[in-house]
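Input: a single structure, listed below in structure tokens.
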Amino acid sequence: MTDMTIRTFSERDRDAWDRYVMGQTGASCYHLIGWKDVIEKSFGHKTCYLLSQDDGENINGILPLVFLHSLFFGRFAVSLPFFNYGGICADDYHIRNRLLGEAAEMTRNMGMSHMELRHSRHVLRDLPVKTSKVSMRLELPGTKEELRASFPSKLRSQMQRAVKEGMSARIGAAEELDDFYHVFSRNMRDLGTPVYSKRFFGNIFRRFPDTTRICTVYTRAGRPVASGMLVGFKDTMEIPWASSLRDFNRFGPNMLLYASVLAFACDAGYRVFDFGRSTPGEGTYRFKEQWGARPTQLYWHYWLRNGGPMPEINPHNPKYELAIKIWQRLPVGLTKLIGPQLVKNLP
């Protein structure tokens with residue numbers, strides 16, 4: 001086996017790191033080094049990006065890590081929090097295991113309880129793993145006309161409901177951020193979930209201006225009622241964040257939103273549309289399934305310092321039920337103020 005060196009990322013590695021990501025079939029857009037900048041500037045978290053090099057100083061493996069410290073949840077590391085993907089990306093299992101060992105030793109020495117690695121393949125078979133989530137992905141045809149023709153008539157009818165109500169969709173860039181955040185923050189409050197700061201989304205646009213877009217659906221009077229942020233990477237367009245206002249759901253703005261972004265993805269030449277993660281059988285899963293999306297299993301692996309059960313830091317944990325109900329009753333303005341300080345440690 002070729003000798004390898006594992007060390008932490010330095011600024012001189014920036015271009016080489018991204019070249020490695022772009023050349024790896026198993027890499028996600030969140031492996032790009034720009035997301036390190038976004039996380040540090042938006043949340044203030046300490047990060048440790050590990051890389052492996054062969055004896056010719058060529059990168060042959062990477063592992064981005066973010067360290068979180070919460071009064072309620074303790075201290076732990078995630079690759080990567082806030083996003084669906086991350087984890088180890090390496091040329092072979094020897095390099096993958098060396099990176100895992102280095103990361104485990106580091107998190108152990110820092111007194112952290114666990115490390116969560118978000119993979120789309122079952123690459124760490126010796127670690128405990130959660131398989132409760134899937135990502136819903138749709139293979140796109142060459143044109144939006146072919147895509148529309150593939151939809152059942154009932155779905156096409158639902159797509160037209162919002163148009164008949166005088167609604168329209170607009171796709172833009174950072175100039176759409178205020179309207180996106182208006183819809184997103186209200187929807188998060190209604191769900192009982194602390195909201196990210198608007199600065200987080202602004203930082204994404206500043207770091208990835210060419211591959212980030214927003215689609216917003218407006219009423220005839222110009223009110224934003226549904227909106228989603230789009231991120232492109234290689235042949236895939238993803239919608240990591242999308243929301244609609246409950247008061248208008250009966251008019252179908254969400255259907256117009258997704259019809260518009262799917263058409264946009266086809267026109268832009270993407271071959272896959274990633275609807276994001278879901279739990280099989282739940283409402284969001286069925287919503288995405290009706291567009292033709294199919295599940296791809298996600299594997300979230302855990303290194304646990306002291307063994308025991310895998311952590312359950314998610315809204316479905318019964319012990320957070322009361323907090324969710326209280327949050328749903330707060331004014332939206334207050335949730336915008338205090339939400340970012342809470343959500344920064346919710347991975």
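Summary of computed values
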| quantity | calculated |
| --- | --- |
| Size of charge dipole - the chain - debye, nearest 20, with Cβ of Lys, Arg +1 and Asp, Glu -1, no other charges | 1460 debye |
| Solvent-accessible surface ranking, highest first, for MET310, MET22 at 1.4 angstrom | MET22, MET310 |
| Gain on full stretching of the segment that runs from ARG250 to HIS122 - 0.36 nm per residue minus C-alpha separation | 42.1 nm |
| Rounded percent of accessible protein surface that carbon and sulfur make up, the stretch 1-155, 1.4 Å probe | 47 percent |
| Positive-pole candidate from PRO340, GLY307, LEU256, dipole of the stretch 193-347, charges at beta carbon | PRO340 |
| FRET efficiency, 1/(1 + (r/R0)^6) with R0 56 Å, evaluated for ARG19 and SER153 via beta carbons | 0.75 |
| In order through the stretch 213-224: 3J(HN,Hα) via Karplus (6.51 cos²θ - 1.76 cosθ + 1.60), integer Hz, x for Gly, Pro | 9, 10, 10, 10, 9, 10, 6, 4, 7, x, 8, x |
| Peptide ranges 258-267, 102-111, 78-87 listed from the most packed, as the mean C-beta count within 10 angstrom indicates | 78-87, 258-267, 102-111 |
| Per-pair calculated FRET efficiency, R0 = 56 Å: GLU165 and MET310 via Cβ, rounded to 0.05 | 0.80 |
| The stretch 57-110 - charge dipole about Cα centre, Lys and Arg +1 at Cβ, Asp and Glu -1, debye rounded to 20 | 280 debye |
| Peptides ranked, highest mean first, by Cβ atoms within 10 Å: ranges 330-341, 147-158 | 330-341, 147-158 |
| Rounded to whole Hz, the Karplus (6.51, -1.76, 1.60) HN-Hα couplings of the stretch 123-129, x for glycine and proline | 9, 10, 6, 8, 9, x, 9 |
| Computed helical MRE - 222 nm, the chain, DSSP H runs ≥ 4 contributing -39500 (n - 2.57), nearest 500 | -10500 deg cm²/dmol |
| Unsatisfied cross-links (Cα-Cα over 28 Å) in the set LYS46/LYS336; LYS234/LYS336; LYS164/LYS234 | LYS234/LYS336; LYS164/LYS234 |
| Note, ³J(HN,Hα) from phi for the stretch 138-150, Karplus 6.51, -1.76, 1.60, rounded to Hz, x at Gly and Pro | 10, 6, 9, x, x, 9, 5, 5, 5, 4, 4, 5, 7 |
| Carbon + sulfur, % of accessible area of the stretch 252-295 - ligands and nucleic acids excluded, 1.4 Å | 52 percent |
| Surface accessible to a 1.4 Å probe, per residue, for the residues of the chain, Å² | 47 Å² |
| Leading residue at positive end of dipole, the stretch 28-73 (Cβ point charges), from CYS29, ASN58, PHE43 | PHE43 |
| Most positive-pole-ward Cα, MET110, SER135, LEU155, against dipole of the stretch 73-164 from beta carbon charges | LEU155 |
| Label-point separation in nm, LEU337 to ASP235, each point 7 Å along Cα→Cβ | 5.0 nm |
| Distance in nm between pseudo-label sites at GLU57 and ASP92 (7 Å out along the Cβ direction from Cα) | 2.4 nm |
| For peptides 37-48, 234-245, sequence by mean Cβ density within 10 Å, most packed first | 234-245, 37-48 |
| Other-chain or far-sequence residues with amide H under 5 Å of HIS119's (modelled H) | TYR299, TRP300, HIS301 |
| Cβ-Cβ FRET estimate between LYS41 and SER113, R0 fixed at 25 Å, reported to 0.05 | 0.45 |
| Lys, Arg +1 and Asp, Glu -1 on Cβ, resulting dipole of the stretch 6-103 about Cα centre, debye, nearest 20 | 420 debye |
| Subset of LYS133/LYS344; LYS133/LYS198; LYS36/LYS325 violating a 25 Å alpha-carbon distance limit | LYS133/LYS198; LYS36/LYS325 |
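The values are calculated or read from the model by the stated rules, or taken from the named source; none is laboratory data. Just so you know, these numbers come straight off a predicted model, no measurement behind them. So basically every Cβ, Gly included, is an ideal-geometry build from the backbone, and we count neighbours across all protein chains shown. For accessibility, only protein heavy atoms count, side chains too; no ligands or nucleic acids. Shrake-Rupley method; radii C 1.70, N 1.55, O 1.52, S 1.80 Å.
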